[in-house]
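*Asks:* Input: one structure, supplied below.
The values are calculated or read from the model by the stated rules, or taken from the named source; none is laboratory data. Computed from a predicted model, the values in this text were never measured in an experiment. All Cβ positions, glycine included, derive from the backbone under ideal geometry; neighbour counts span all protein chains shown.
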Amino acid sequence: MISLPGTGYTPTGQDRASLDAWFAEYDAASGKRDIERMAEMAVFPLNLVSDDSSGNGRSAQWDRDQFIATMTHVMGEGSQDITFESTRTPIFLSSSMVVVFTDSTMTEDGHSQQLRYADILLKRDGKWAFQTMIQGGWGDNL
């Protein structure tokens, strides 16, 4: 693929800082299992792309109620917060669209799990919101 001059977007320091702040807030909400707050940080319908236990690619769109029900089921009601240590690689398509690849270690009750996923976020009215979640293993929930 040939990249034409002037077609790429170079993020500003503020672009990156605002994205990092958004993820810090989202990770904090996730860690506390504050699923209502997580839903407030999304654009619905939310696109999901995954694969199922049979190895088939799956996609779906969730409304807010489906997101809350599924995340409540998946995240449970543990007694301890979940922590995340993440390395994120954002690819800004413009000042208001970004694809973010994440490698993360999630720890709960002393048990750690490696995660790799991607999100597509949109900036609306100056605030980021996630619109697409891409991660293997969720397909049976779609």
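*Asks:* Restricting the first residue to region 86-102 and requiring it to be within 14 Å of F130 (Cα to Cα), which pairs with a second residue that is of a type in the set (K, R) meet a Cβ separation below 6 Å and a spacing of at least six or different chains?
*Replies:* S96/K123; V100/R88; T102/R88
*Asks:* List every residue pair whose Cβ atoms lie under 6 Å apart, where the two residues are 6 or more positions apart in sequence or sit on different chains, the first residue falls within region 12-27 and is within 17 Å of E85 (Cβ to Cβ), and the second residue, located anywhere, is surrounded by fewer than 19 Cβ atoms within 10 Å (Cβ to Cβ) and polar (S, T, N, Q).
*Replies:* none
*Asks:* In addition: Return the only residue of S30, S86, S50 being modelled with pLDDT under 95 and surrounded by fewer than 16 Cβ atoms within 10 Å (Cβ to Cβ).
*Replies:* S86
*Asks:* Taking region 101-142 as the search range and keeping residues that are assigned to a strand (DSSP E or B), of a type in the set (F, W, Y) and buried (at least 16 other Cβ atoms within 10 Å of the Cβ), which one is farthest from the chain's Cα centre (by Cα)?
*Replies:* Applying the filter and picking the extreme gives W128.
*Asks:* While we're here: Within region 54-70, can one find any residue that is touching a strand residue (DSSP E or B) at 6+ places or on another chain (Cβ under 9 Å), part of a loop (DSSP other than H, G, I, E, B) and loosely packed, with under 15 Cβ neighbours inside 10 Å?
*Replies:* Among the residues of region 54-70, at least one is touching a strand residue (DSSP E or B) at 6+ places or on another chain (Cβ under 9 Å), part of a loop (DSSP other than H, G, I, E, B) and loosely packed, with under 15 Cβ neighbours inside 10 Å, which makes the answer yes.
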